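Have a look at the structure below, then the notes.
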């Protein structure tokens with residue numbers, strides 16, 4: 001198990017490194033950001049001087065080596081628009097907000113999805129099951145950025161119940177969380193429902209019922225325990241998809257997290273912040289995959305003792 | 001390498017009817033086809049839906065309310081936007097962007113992804129490793145961020161948008177084509193084709209591809225829906241279809257500033273995206289249940 005996790009950590013580092021490489025060359029293709037920074041009236045001399053200061057006039061290979069060396073030391077350079085702010089520091093300062101949103105959304109989605117998914121699986125092919133599946137299919141077609149704006153329209157503009165942007169109190173969290181829930185629920189509910197349908201067919205469920213256990217106990221102690229491993233494994237694979245939703249929600253609700261910083265830096269071409277942000281996101285996704293793996297190993301002894309593939 | 005033909009291999013009519021009679025997915029199929037016909041006619045004959053031009057500005061008629069509300073406009077059934085442009089015309093002409101762009105992107109991604117997936121699954125070895133590592137690498141990173149980065153670098157525009165969306169979709173195709181190919185590679189019909197002395201390209205195209213195509217078609221519907229939402233978001237951020245072209249994402253972005261005066265500027269294009277995305281999701285679901293009962297979720 002330790003060997004397996006170590007292997008995964010090495011894998012994650014390689015992936016993060018590749019992502020940094022891809023971002024670096026992508027931004028290199030994009031050209032010299034100095035033109036955007038200095039504005040229209042700048043002379044060629046000023047541009048050259050600025051480029052020299054930032055080391056942008058050097059050949060690509062030496063720039064890349066400097067970039068990797070800086071990255072390993074945690075130094076991505078300074079933000080081009082927030083004067084004097086180190087790029088990595090700017091991103092890291094906004095990670096806690098992202099984690100708060102992610103944790104709240106993940107928790108609420110899981111609770112809802114477990115309730116809906118299990119209830120649908122227990123009465124499979126019944127009216128409730130059909131309603132849940134249809135609801136999931138419909139929710140999947142809702143653009144979440146639009147749903148977020150629609151919520152703002154209803155609850156902030158018309159009813160004045162909730163603040164339309166920012167973070168701080170639980171009231172700020174309601175609409176971003178609901179938007180992410182709607183985005184994640186279709187996948188989560190279908191997954192949980194189909195795992196439960198499979199598990200409820202197993203012999204040990206029949207045995208549990210035969211020995212006189214009540215239905216709630218059968219579902220929680222026997223079915224949920226056995227269904228949880230594949231659910232956790234599949235959710236681990238969803239972390240990229242999940243973060244895509246976080247990007248949308250932070251942008252719409254002005255949530256001061258890392259994702260909205262990356263979006264605004266991409267639009268402004270603040271490339272040190274983009275580079276730092278992309279690496280931070282890649283590492284966040286890799287660590288949530290690792291967490292899912294660890295949770296999987298804890299919940300299923302077969303995984304713990306199996307040799308890594 | 002020969003170009004693989006991704007023409008769909010439909011199942012025999014008999015099997016289609018038998019499953020269709022069992023009820024279930026057929027209404028989804030008809031509903032989604034109806035929406036597809038509606039979208040196609042909006043793309044081809046927008047004049048049948050509206051007389052107004054989507055770009056004509058009438059600053060005297062700014063932010064008119066829709067026809068059904070009190071004091072609403074009679075000339076503009078859905079009202080007008082902040083520049084006095086007819087909302088109905090903009091939504092109708094908007095059908096020329098999001099759906100065709102997404103379908104083109106899925107066609108491109110499907111072709112490239114299928115070729116790469118079949119090659120990886122059939123030949124295995126190092127080729128397989130490289131292709132799948134690349135696909136997994138792309139799938140592990142949020143697509144919307146990749147799209148944002150590439151869009152910022154390439155610049156806004158319809159063609160760039162298709163390239164960007166295809167970039168986000170090929171890994172799905174490659175993974176599925178690879179898995180299906182690997183499972184078919186040693187089946188008898190493949191051995192027979194090989195024994196007949198067919199060249200590899202011909203064998204893959206004529207014998208392998210028809211057998212894996214149903215999964216690929218099913219994914220097509222779901223991918224079009226996913227990419228439509230992604231396209232709308234990119235246009236919303238100003239990195240997709242450039243304004244003043246009336247793409248649904250652009251319309252939501254500009255309408256957002258007038259939530260109090262004219263909420264329909266945001267509601268209507270959103271409903272258009274939702275209707276189209278749901279139609280393609282249903283199409284994918286219905287085809288999944290009709291073509292490939294193994295994949296039907298849950299039971």
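Observations on the structure shown:
- Being touching a helix residue (DSSP H, G or I) at 6+ places or on another chain (Cβ under 9 Å), more than 14 Å from chain B (Cβ to nearest Cβ), under 23 Å from residue A:260 (Cβ atoms) and not in a loop (DSSP other than H, G, I, E, B) is true of residue A:104.
- Picking from residues in the range A:192-222 that are closer than 14 Å to residue A:115 by Cβ and in contact (Cβ under 8 Å) with a residue 60 or more places away in the chain, the one that is farthest from the chain's Cα centre (by Cα) is A:219.
- Hey, residue A:138 within 14 Å of chain B (Cβ to nearest Cβ), under 30 Å from residue B:144 (Cα atoms) and crowded, with 19+ Cβ neighbours inside 10 Å or not: no
- Wholly within the range A:164-268, helices (runs of 4 or more DSSP H) carrying at least 1 residues that are surrounded by fewer than 19 Cβ atoms within 10 Å (Cβ to Cβ) and away from chain B (no Cβ under 13 Å): A:170-199, A:203-210, A:225-237
- Only one entry in A:116, A:7, A:27 is modelled with pLDDT of 75 or more and within 22 Å of residue A:293 (Cα to Cα), namely A:7.
- Each residue in the range B:93-143 was checked for being closer than 24 Å to residue B:213 by Cα, more than 14 Å from chain A (Cβ to nearest Cβ) and assigned to a helix (DSSP H, G or I), and 27 pass.
- Conditions (1) away from chain A (no Cβ under 11 Å); (2) part of a loop (DSSP other than H, G, I, E, B); (3) under 30 Å from residue B:39 (Cα atoms); number of the one not met by residue B:261: (1)
- Test: residue in the range B:251-260 that is under 19 Å from the mean Cα position of the chain (by Cα) and modelled with pLDDT of 85 or more: no
The values are calculated or read from the model by the stated rules, or taken from the named source; none is laboratory data. Here the structure is a predicted model, which means the values were calculated and not measured. Don't worry about glycine lacking a Cβ; one is built from the backbone with ideal geometry, like all the others, and counts go over all protein chains shown.
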